[in-house]
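Enquirer: Provided herewith is a single structure, encoded as structure tokens, for subsequent inquiry.
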Amino acid sequence: MLGQIARFTNKLIADHSAHPREIAFAAQDDIIVADGNPELARLAGELLSRLSCLGMAVARPALPFADFLVARTPRDESHIVPRDTETRTFLHDIPFLRRGALGDDPAAKIARLLGNRKGIIVEGTGIVASGALTVEQAYINWSSIFHSAFVKYLQDVLHGGFLLPGEAEAFDAFRRGWLRPLTAEGLVFREGPLTDPGEILDEIAAVGRYTVERGLVDSFFGNISCKSGGVIYISQTAASLDALDGCIDPVPTDNSSTFGITASSELLAHRRIYEQSGASTILHGHPKFAVVMSMECAERNCTVTDCWKDCDRVRFLGDTPVVAGEIGAGGLAKRVPPVIAGPRKAVVYGHGVFTVGERGFGDAFRSMVEVENWCRDAYFRALEGKLAKG
Amino acid sequence: MVSSVKTLGWTETVLRVDLSARKSWRDAIPRDLLHAYLGGRGLGVRFMRDHFRLNPFDAEIPLIFSVGPLCGTPAPTAARLTVVTRSPLTGTIYDCSAGGRFAWRLKGAGLDAVVVTGRSAVPVALVISPDGAEIVEVPQLWGRTVPDTVSALSGRGSVAAIGPAGEKGVLFANIMMGEGNSVGRGGLGAVMGAKNLKAVVASGDRQTGIADPQRFDVARQDVMRLFRASPIIFGELGISEYGTPALVDLMRQRRMVPTENFRRTVFEASGNYSGPAIRRDYNARKDGCYGCPIQCKKSTPEGEPLPEYETVSHFGALNGIASLASIVRSNTLCNELGLDTISAAATLSAWGEARGRFPTADEVPGLLRDTAMRVGEGELLALGSCRVAERLGRPELSMSVKGLELPAYDPRGAYGMALAYCTSNRGGCHLRAYPISHEILRKPVPTDRFSFSGKARIIAIAEDTNAAVDSLVACKFSFFGATLEEYAELLAATTGVDYSPQSLKEIGRRICLTERFYNCTNGFGMKDDLLPERFFAEPGSSGEGIEIPPVDRTRFAEELQKYYRIRGLTTEGTFDDPDFLLNQP
């Protein structure tokens, strides 16, 4: 258990999502163990003792966006509703507790709310997330809420500007200090075509690590594949992109076997992309600015309300097409393949980016970096324009 | 007296039937009992409180059919019921859930449960409608197969019936739903047969009220979105497309296919009966439980139900049979005769190893018929693998826990499964904690299948969760995508009573501990929480870079003790508090 706690503490530090000194995890088997920031570890342990789950993550995000979201929300509301796909599908919404509502026994209040949900925001404390079965699950839920809060805050600021004291300064610090340049420089990719199964597995694992290490995606989000002959080698469902060794399924393209049942939920999308694009590799991630910008639509008087699934238009972020569609067996697998064949890249509304490579993963990776950098620039241009107008 | 102000979701009504006295009447179910046990398994287990010591064949043992608060609503996969009594096969408290139209029709008759006691002097059918219940003599149906019985009675409603196996007291006889679903394992069909109850027919059509339709609809959409996001459910290689035989290839790849009575863990010919093979050879079409969006069952274009994963694997690999046609025939025969396919195949396998030769494909149909009719070799086989192996002087060859034959996941390939087989209150069952979900299928998150670390806690939590699921009653396959979070919302929206995932797990824990208490009172303890020796002494079939060593006996024992501590039990797996039940609602 302690090994698991150390592993996921290090992941939160490595991806800069949490304050290094304000992270704690707890886990329980027949006893409870907790580690990390003493105050937060005590809280994590107390929460675990009140709930039927194995893991607990309590950490203050490195960015104050979650607290800002709570403060910006009207006093009579108790949750925020990010519009991105991950929230809609897995979290639905994110409940929060205001600082003043914690009372004399914060653990009791937090446990009561957390008993309903995978994770919550506690103003002034951070994100608190449980894992029913594993410490990793608590980490995933924490990371999901961090991602969703990030996306929502950027959207809210773009539309509503800064409303609170200190927001503008904190945002500036985020832009100048937290954000890292996104680049593929220095990475080594195997030249394709990739044909040796062992080599393919190694390359997929390496490229998966690159996407996380370079800050292109959070570790839990995304999937990756390579087609060679009649086999699609694809990352498994619920696999972290930076830990893909042993988590890649070789799936026959003719569906003659079903052991790929554990493959990513986007297997169908990958298969159709290969069929229509003739590509050799596919990279799919959820880079944050692309997710934010994919939901910005200039259309006026549009009658579509559930844009994320019902919009049938192809919009563009620069030269990258944007389409709507639910994940898995939803519409994404129908709408992405037709638009990706030409530009070799596509964005899914509120969800993420698909890119393809012709022989290896180098071009797919660089393409994803370009899309995210374009969206990052576009976001700040739009924000500056918004702020300049007042 | 039934309250005039009802909580939505429940009917707050139980139909009590005394077959000895030939009378039936409706009683109110106290609301706090429903809130505390939900329905289905939980309610049935609670109703057994004063009867759990009875011999399963005692006339007074209750046979309980219990639906849940979500039944009759559009909640996905919730048109199910649970049957509860004490098992003649295992001696444990026993429940089994099944889908089909029957549960919905029973709820539509204004009932949360039917409790049948007594024994009829002649074969009867119980016919339930919203207006009442009728005990109908059906001597002409005694001896008839399940399809014949269903056909004879279907004009009066949806049918749950036993076949010849139940009539003859085969210890693993099923109760079969008219649409082909089975109340399987544990021999509940034999309990029904001992009551001379050939069938129960339900014909209700009342709607189940929903307290907050808008909230319900949001929760339902959340569930459906999660189903679509799950590769296991709606993925192109998932169970909606191929049914549970989608697992055949996966288990082969993971090298954990019980083969030749668990002597090996790879069966080279398993591809003959994989999901794609069944689709190809039988032109399989989607089928499934009433109102279920997943439709994981598969049938021929003529409507003949095709076998599920456990059945193909056990009539295949476990007996060394490579013929899909033979497996399909075995499945059909079991359905017609009212036999449980897992226990039937596993009993044949243990018997085969004991006599030095597994049955051939040609021999199986005759053996199944003999078993159901209890003639020839069938007289012995009807007792299940545990008693068969004991009587043949080879008790170690029964691959069972608490007398319940293990299903098609070799415990040497998944250590959580190894532990869960043993802690299960109904014996060697994969569905109590269902660790295959995370150890193999990576849902909701993956765990290391070759590690015991954390598994005691994981199993306890999963047992509690699934006890709640079995009490809603929802299908466990829903939880390859959705979670208790969404189902708690559905429940709260339906009933108007606040529930959370945490409160549902607490209810599940109450149910699990109550079951364990019943079992311990009846003499069960740590000695029964044990895998067959083979799994500690013999390796599985290693290869392709995957080692399948024997289960580490020491680590297993340590984890079992952890489980006991988590459950608040003694080191012998029993209760310190003899008054445990008095402290439960």
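Enquirer: Defining a contact as two alpha carbons under 8 Å apart and six or more residues distant in sequence, what relative contact order in percent does the stretch A:2-178 show?
Expert: Values: 309 pairs, mean separation 40.5, N = 177.
With pairs under 8 Å counted, the relative contact order is 23 percent.
Enquirer: In whole Hz, with x marking every Gly and Pro, tabulate ³J(HN,Hα) for the stretch B:378-389 from phi via Karplus 6.51 cos²θ - 1.76 cosθ + 1.60, θ = phi - 60°.
Expert: x, 4, 6, 4, 5, 8, x, 4, 5, 6, 4, 5
Enquirer: Then there is this: With just the Cα atoms of the protein assembly as shown, tell me how far they stretch along each of the three principal axes, in Å, largest first.
Expert: Principal extents (largest minus smallest coordinate, Cα): 90, 63, 56 Å.
Enquirer: Let me ask something additional. How high is the FRET efficiency between A:GLU77 and B:TRP25 when r is their beta carbon distance and R₀ equals 45 Å, given to the nearest 0.05? Walk me through the numbers on the way to the answer.
Expert: Values: r = 51 Å, r/R0 = 1.13.
About 0.35, to the nearest 0.05.
Enquirer: Another question, then. Give me log10 I(q)/I(0) at q = 0.14, 0.16, 0.19 Å⁻¹ for the stretch B:160-212, Debye formula, one equal scatterer per alpha-carbon, no solvent.
Expert: For the requested q values the scattering log ratios are -0.41, -0.48, -0.59.
Enquirer: Cross-link partners among lysines for A:LYS227, C-alpha distance below 21 Å, same-chain residues fewer than 8 apart left out?
Expert: Candidates past the 8-residue exclusion: A:LYS334, A:LYS345.
Enquirer: Here's a follow-up. Once amide H atoms are built 1.01 Å from N in the peptide plane, which residues 5 or more positions from A:VAL231, or in another chain, come under 5 Å H to H?
Expert: Amide H neighbours of A:VAL231, under 5 Å, 5+ apart: A:THR253.
Enquirer: Now for a different question. Using alpha-carbon pairs under 8 Å, 6+ residues apart, how would you state the relative contact order of the stretch A:83-152 in percent? Don't skip to the answer; put the middle values down first.
Expert: Working: 77 pairs, mean separation 21.8, N = 70.
Normalised by residue count, the contact order of the stretch A:83-152 is 31 percent.
Enquirer: Right, here's the next one. Can you pull the one-decimal nm distance between simple spin-label points at B:LEU582 and B:ILE546, each 7 Å off the Cα toward Cβ?
Expert: Here the answer is 5.2 nm between the modelled labels.
Enquirer: Based on the mean of other beta carbon atoms within 10 Å per residue, what is the order of B:463-475, B:244-256, most packed first? Spell out each step's value before the answer.
Expert: Numbers: B:463-475: 28.1, B:244-256: 24.8.
Most protected by this proxy first, the peptides run B:463-475, B:244-256.
Enquirer: Hey, can you rank B:426-433, B:541-548, B:189-196 by average C-beta count inside 10 Å, highest first? Can you show the working numbers first?
Expert: Working: B:426-433: 23.8, B:541-548: 13.5, B:189-196: 26.2.
Highest-to-lowest ranking by the protection proxy: B:189-196, B:426-433, B:541-548.
Enquirer: How far is helix A:362-389 tilted, in degrees, relative to the longest principal axis of the Cα atoms in chain A, given as a value from 0 to 90 rounded to the nearest 10?
Expert: Value to nearest ten degrees: 50.
Enquirer: Report the net charge of residues surrounding B:ARG553, where surrounding means a beta-carbon distance below 14 angstrom and charges are Lys +1, Arg +1, Asp -1, Glu -1.
Expert: Numbers: positive: B:ARG412, B:ARG534, B:ARG555; negative: B:ASP529, B:GLU533, B:GLU538, B:ASP552, B:GLU558, B:GLU559.
Net charge in that neighbourhood comes out at -3.
Enquirer: Then there's this: Of the options A:THR253, B:THR570, B:SER541, report the single residue whose Cα projects farthest towards the positive end of the charge dipole of the protein assembly as shown (beta-carbon charges: Lys, Arg +1; Asp, Glu -1).
Expert: Ranked along the dipole, the leading option is B:THR570.
Enquirer: Using the 2.2 N^0.38 Å rule of thumb for compact globular proteins, work out how the stretch A:197-389 stacks up: its C-alpha Rg over that value, please.
Expert: 1.01
Enquirer: Given axes a ≥ b ≥ c from the Cα gyration tensor, I'd like to know whether chain A is rounded (a/c under 1.5), prolate (a/b larger than b/c) or oblate.
Expert: oblate
Enquirer: While we're here: Averaged across B:437-449, how many Cβ atoms of other chains sit within 10 Å of each residue's Cβ atom? Don't jump to the answer; show the numbers that get you there.
Expert: Numbers: counts 1, 5, 0, 2, 5, 8, 4, 9, 15, 11, 5, 1, 0.
Taking all residues of B:437-449 together, the mean is 5.
Enquirer: Averaged over B:222-232, how many beta carbons belonging to a partner chain fall within 10 Å of each residue's beta carbon? Let's see the in-between values first.
Expert: Values: counts 5, 0, 2, 10, 4, 2, 9, 11, 4, 15, 4.
Whole-number average of other-chain Cβ neighbours for B:222-232 is 6.
Enquirer: Over the Cα atoms of chain B, what radius of gyration and what Dmax do you get, in Å?
Expert: In Å, with Rg to one decimal and Dmax whole: 21.9, 66.
Enquirer: In whole percent, what relative contact order does the stretch A:197-389 give with Cα contacts below 8 Å and a gap of six or more residues?
Expert: Details: 362 pairs, mean separation 39.2, N = 193.
Computed value for the stretch A:197-389: 20 percent relative contact order.
Enquirer: For peptide A:116-122, how many partner chain Cβ atoms fall within 10 Å of a residue's Cβ, on average? Don't skip to the answer; put the middle values down first.
Expert: Numbers: counts 11, 6, 4, 0, 0, 0, 0.
Per residue, the average neighbour count from other chains is 3.
Enquirer: Now for a different question. What is the Å³ per residue value for the convex hull set by the Cα atoms of the stretch B:1-149? Display every interim value, and only then the final one.
Expert: Details: hull volume 18.9 nm³, N = 149.
Roughly 127 Å³ of hull volume per residue.
Enquirer: Which of the lysines could a cross-linker bridge to B:LYS505, judged by Cα under 27 Å and excluding same-chain residues fewer than eight apart?
Expert: Cα-Cα hits under 27 Å: A:LYS109, A:LYS118, B:LYS6, B:LYS107, B:LYS402, B:LYS443, B:LYS455, B:LYS476, B:LYS562.
Enquirer: Just rank B:TRP351, A:TRP142, fewest to most, by other beta-carbon atoms within 10 angstrom. Numbers along the way, then the final one.
Expert: Details: B:TRP351 25, A:TRP142 30.
Lowest count first: B:TRP351, A:TRP142.
Enquirer: Further, regarding this structure: Give the peptides A:121-131, B:400-410 in descending order of average Cβ contacts within 10 Å, highest first. Could the numbers behind the result be given before it?
Expert: Working: A:121-131: 24.5, B:400-410: 26.5.
The peptides rank, most packed first, as B:400-410, A:121-131.
Enquirer: Let me ask another. Between the stretch A:9-55 and the stretch A:336-385, what is the separation of their alpha carbon centroids in Å?
Expert: One Cα centre to the other: 35 Å.
Enquirer: Tell me what chain B gives for mean residue ellipticity at 222 nm when only DSSP H runs of n ≥ 4 count, each as -39,500 (n - 2.57), the sum divided by the residue total, rounded to 500 deg cm²/dmol. Walk me through the numbers on the way to the answer.
Expert: Working: 23 runs with 219 residues, N = 585.
Estimated from H runs of four or more residues: -11000 deg cm²/dmol.
No value in this document is a laboratory result; all are computed from the given coordinates. All values reported here derive from a predicted model rather than from experimental measurement. Please note: Cβ atoms are built from the backbone with ideal geometry, for glycine as well, and neighbour counts cover all protein chains shown.
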